[in-house]
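Comments concern the structure below.
The values are calculated or read from the model by the stated rules, or taken from the named source; none is laboratory data. Only a predicted model underlies this, so the values are computations on that prediction, with no experimental measurement involved. Note that each Cβ is placed from the backbone with ideal geometry, even for glycine, and that neighbours are counted across all protein chains shown. Accessible surface is based on the protein model in full, side chains and every heavy atom, while ligands, DNA and RNA are left aside. Shrake-Rupley method; radii C 1.70, N 1.55, O 1.52, S 1.80 Å.
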Amino acid sequence: MNTTAFEPHVLHTHKITKYFYEPDKFQVLKEIDLTVHKGEFLSLVGKSGCGKSTLMYVLSTMDTDYEGELEIAGVRLTDKTQNELAAFRNKHIGFVFQFHYLLPEFTTLQNVMIPALKLGKYSRKEVEDRAYAKLEMLGMKEHALKPTSKLSGGQQQRVAIARALINDPDIIMGDEPTGNLDSYNTHVVFDIFQELTHTYKQTIIAVTHDEEFARKSDRIVEMSDGHIVR
Amino acid sequence: MRLVIDIARTHLISKPRQTIIAMLGVTFGIGMFIAMVSLMTGLNNFTEELTMTSSPDIHIYHDVTESRPSVIEQVNVGGINKVHHQKPKNETPRLRNAHQIAALIRRDPRVTGVAPSISSQVFYNYGPVQLSGNILGVDIIEEDKLFELREKMKEGRIEDLKANHDGIIMGRGLARKLNARTGDRVVITTPQGYTMTLKIVGVFQMGLGSIDNVRSYANLSTVQTILQQDHLYVTDINIKLKDLLLAKSIAPGYQRMYGYKAEDWETANATFLTGNIIRNILTYSVSITLLIVAGFGIYNILNMTIYNKMKDIAILKAMGFAGRDVKQIFMIQSLVIGFIGSLLGLAIGYGLSLLIAQAPFNGGDFISLDHFPVNFDPKYYIIGIVFGVTTTAFAGYMPSRKASKIDPIEILRG
């Protein structure tokens, strides 16, 4: 398939199908074709059990047990080894989950730096500068040297976003990124996402239950029974 | 790699109590290993040294009690012969051509010293009491080369024996029993009834009761005179080898060549050496048990840590850490625990060894010993640290591998 025939896209799937085998064999994803363009802010919605989270984890490259084809940033990821996929995630994908999953023994700054240190593209000093820049962008610079356990829920989620951004990923994936936040912090996080997409051309895919969050995003993909219905 | 080390270090530092407990397990194991092995090998070396002083590497003598084929067996070869209770022949313990044999053996490049000698049972007369013992007729200078007699002299010098034709150097225990000291004269009686007065020119102490309480040294010619034998009379040849471990393989050759019994030191001291083997087995089995217990401690603590850090592991994997990186994080932790724990163990083991070395210990009449002999050979410290680190590596491997196999989706999906 000649990908250049389409307008520039970051993520592309072709007939992704997945089965669950426990407790019974069950087809959870049915030939999903999805293309996400650069700078898009996409909400993935649907009822519980419709397969939206499952699709997200296939797209995240962490779930490799599927049929069909997955391509991100022009790289075909189907059939790559776990180690190759880990290195790919490090460079190209940022994650924001419902819970912040910050490492409790490390400071805010260290948490943000870890993926960049893993990438090893910049020196330690440069990584630190970049981490400060990301924290500043999210209004968290003054908390840089605090342990993450001393931050509020909203602050922790902002640090998690800074961490997702540190390697300038091609795509940010969120699994209920506002699911654990109050309405004020939900607004804050939404505004950050919107700014990222509109100002910095960041691509974001977020699974959400929050209808308002979804409605305000650029594009809604709704799933039902393993199909994309909208 | 540096990041992985940073994370491992942070994990260790953030839970100091857990880390220290895991380390103490290893420390205790290695410390006990060092203390035990130091004492046991110290004892082993001590007894080995004693056997070395009491027996030559190879001892050639005429074994008159050795069973010999009966006349009827020589005549009727292969037949059914029965001879009950055959007595030994009336033979003297003399080695024929002893000096020629000694000269031949001296030419063997594996040999560093050869000393012909005469040994005989004698009675030491102490007033009306007769103490049984033995006397060794030796060339004292040659004998010194084999047994380092000079260092064992408590009174007098070995050269005094050379100068005194009727002199003897007496074992300390024997001298004490006879209430005799250097310069005194003692009367000895041979089994054949010949009596002679000899002058004590020195006192030695080997440290082994079975020698010090019965033995005296005299010149070869003196003993030949006592036994009323000619000046070629020799009953034993003692041999010192360059490598004493070769004794067992060289001895049978001499026995075949010269037709006399050649006994190596290992055979002569089998009971002592069995003791050594048992002590070694004991030391290593106790130490290995302690280390396995320490290993289980580390296994447990790492398992618990990994269970507590499931979320961290999942997010690290999501952010691009490969299974290998996660495994390294936890392996580094167990190796650091193992290494530092072992180092502390070596220090504690060394301290315990120093204490043991100062503890008074009465060896009694049998062995002259006032403190425990302790071995400070660095070899065992190296074994200890290798042992400790290897055990922790094994103990850490399984939990680390489990951590590397954690599926992040199961945890992140909640």
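Partners of residue A:146 within straight-line reach, counting lysines whose Cα lies under 17 Å from its Cα and excluding those fewer than 8 residues away in the same chain: A:134. From its DSSP helices (H runs of at least four residues, each -39,500 (n - 2.57)), chain A gives a residue-normalised ellipticity at 222 nm of -11000 deg cm²/dmol. If you run the Gaussian network model on chain A, springs between alpha carbon atoms under 10 Å, then out of A:127, A:188, A:75 the most flexible one is A:75. Under 5 Å between amide hydrogens, built in the peptide plane, is the criterion, and for residue A:37 it picks out A:10 among residues at least 5 positions away or on other chains.
Inter-label distance, residue B:377 to residue A:17: 7.1 nm, where each label sits 7 Å from its Cα along the C-beta direction.
In order along the range A:41-55, the Karplus-derived 3J(HN,Hα) couplings, from 6.51 cos²θ - 1.76 cosθ + 1.60 at θ = phi - 60°, round to 10, 10, 9, 9, 10, x, 6, 4, x, 7, x, 5, 5, 4, 4 Hz, and Gly and Pro are given as x. Candidate cross-link partners of residue B:242 among the lysines, defined by an alpha-carbon separation under 19 Å and a same-chain spacing of 8 or more, comprise B:145.
Over the range B:74-118, all Cα pairs binned in 10 Å intervals from 0 give whole-percent P(r) values of 19, 28, 19, 24, 11, listed from short to long. Note on residue B:87: lysines with a C-alpha under 28 Å away, same-chain residues under 8 apart excluded, are B:261. Pairing chains B and A buries close to 2200 square angstrom of accessible surface in total, based on protein heavy atoms and a 1.4 angstrom probe.
Over all Cα atoms in the range B:234-341, the spread is summed up by Rg and Dmax: 28.4, 88 Å.
With N as its number of residues, chain A has a Cα radius of gyration that, divided by 2.2 N^0.38 Å, comes to 1.01. The orientation-averaged shadow of the Cα convex hull for the range A:179-230, equal to a quarter of the hull surface, comes to 4.0 nm². Cα extents for the range A:100-165 along the principal axes, largest to smallest and rounded to whole angstrom: 31, 22, 18. Measure nothing fancy, just the Cα-based angle from helix A:108-119's long axis to the longest principal axis of chain A, in degrees from 0 to 90, nearest 10. Relative to chain A, helix A:108-119 is tipped by roughly 50 degrees.
What the Cα atoms of the range A:1-118 give is an Rg and a Dmax of 16.1, 48 Å. Convex hull of alpha carbon positions in the range B:214-262: directionally averaged projected area 5.1 nm².
Counting only protein heavy atoms and a probe of 1.4 Å, the accessible surface of the range B:1-156 is 56% carbon and sulfur. Quick test of the membrane-span-like rule: which DSSP H helices of chain B reach at least 20 Å along their long axis (C-alpha atoms) with mean Kyte hydropathy at least 1.0? Flagged H segments are B:270-308, B:323-358. Ellipticity at 222 nm from helices only: DSSP H runs of n ≥ 4 in chain B, each -39500 (n - 2.57), divided by the residue count, give -18000 deg cm²/dmol.
According to the Cα gyration tensor, what semi-axes, each the square root of 5 times an eigenvalue, does the equivalent ellipsoid of the range B:49-99 have, listed from largest to smallest in whole Å? Display every interim value, and only then the final one.
Values: eigenvalues 215, 41, 22 Å².
Working through the eigenvalues yields semi-axes of 33, 14, 11 Å.
As a rough guide to protection, the peptides B:127-140, A:90-103, B:8-21 ranked by mean Cβ packing within 10 Å, highest first, stand as A:90-103, B:127-140, B:8-21.
Based on the Kirkwood radius over alpha-carbon pairs, what value in µm²/s does the Stokes-Einstein equation return for the translational diffusion coefficient of chain B at 20 °C and 1.002 mPa s?
Reported coefficient: 81 µm²/s.
Taking a ≥ b ≥ c as the square roots of the eigenvalues of the alpha carbon gyration tensor, the range A:125-219 is oblate, as a/c is not under 1.5 and a/b does not beat b/c.
Of all accessible surface on the range B:174-214 at a 1.4 Å probe, what whole percent is carbon and sulfur?
Numbers: 790 of 1780 Å².
Its accessible area is 44 percent carbon and sulfur atoms.
Counting only protein heavy atoms and a 1.4 Å probe, chain B has 51 square angstrom of accessible area per residue. Considering only Cα atoms, the convex hull volume of the range B:118-264 works out to 117 Å³ per residue.
Express the carbon and sulfur contribution to the solvent-accessible surface of the range B:223-337 as a percent, rounded to the nearest whole number, probe 1.4 angstrom.
64 percent
Working note: Karplus 6.51/-1.76/1.60 with θ = phi - 60° gives the range B:159-174 the couplings 5, 4, 5, 4, 6, 9, 5, 10, x, 9, 10, 10, x, 5, x, 5 Hz, where Gly and Pro are set to x.
Burial annotation for the range A:50-89: residues with an accessible-area loss of at least 50 Å² between the isolated chain and the complete set of protein chains, computed on heavy atoms with a 1.4 Å probe, are A:57, A:62, A:83.
Couplings 3J(HN,Hα) of the range A:150-165, computed from phi: 8, 9, 7, x, x, 5, 4, 5, 5, 4, 4, 5, 4, 5, 5, 8 Hz, in residue order, whole Hz [Karplus 6.51 cos²θ - 1.76 cosθ + 1.60, θ = phi - 60°; x for Gly and Pro]. For chain A, the solvent-accessible area works out to 46 Å² per residue, with a probe of 1.4 Å and every protein chain left in place.
Take the protein assembly as shown, drop everything but the C-alpha atoms, weight them equally and run the Debye formula without solvent; then report log10 I(q)/I(0) at 0.05 Å⁻¹ to two decimals. Summing over Cα pairs of the protein assembly as shown leads to -0.50.
Ignoring the sites themselves, what is the longest stretch of chain B with no GluC sites (Glu not before Pro) in a DSSP loop and at most 16 other beta-carbon atoms within 10 Å?
It runs B:149-414.
Across the range B:1-145 the C-alpha pair distances fall into 5 Å bins from zero in the proportions 2, 6, 7, 9, 9, 8, 9, 8, 7, 5, 4, 4, 4, 4, 5, 4, 3, 1, 0 percent.
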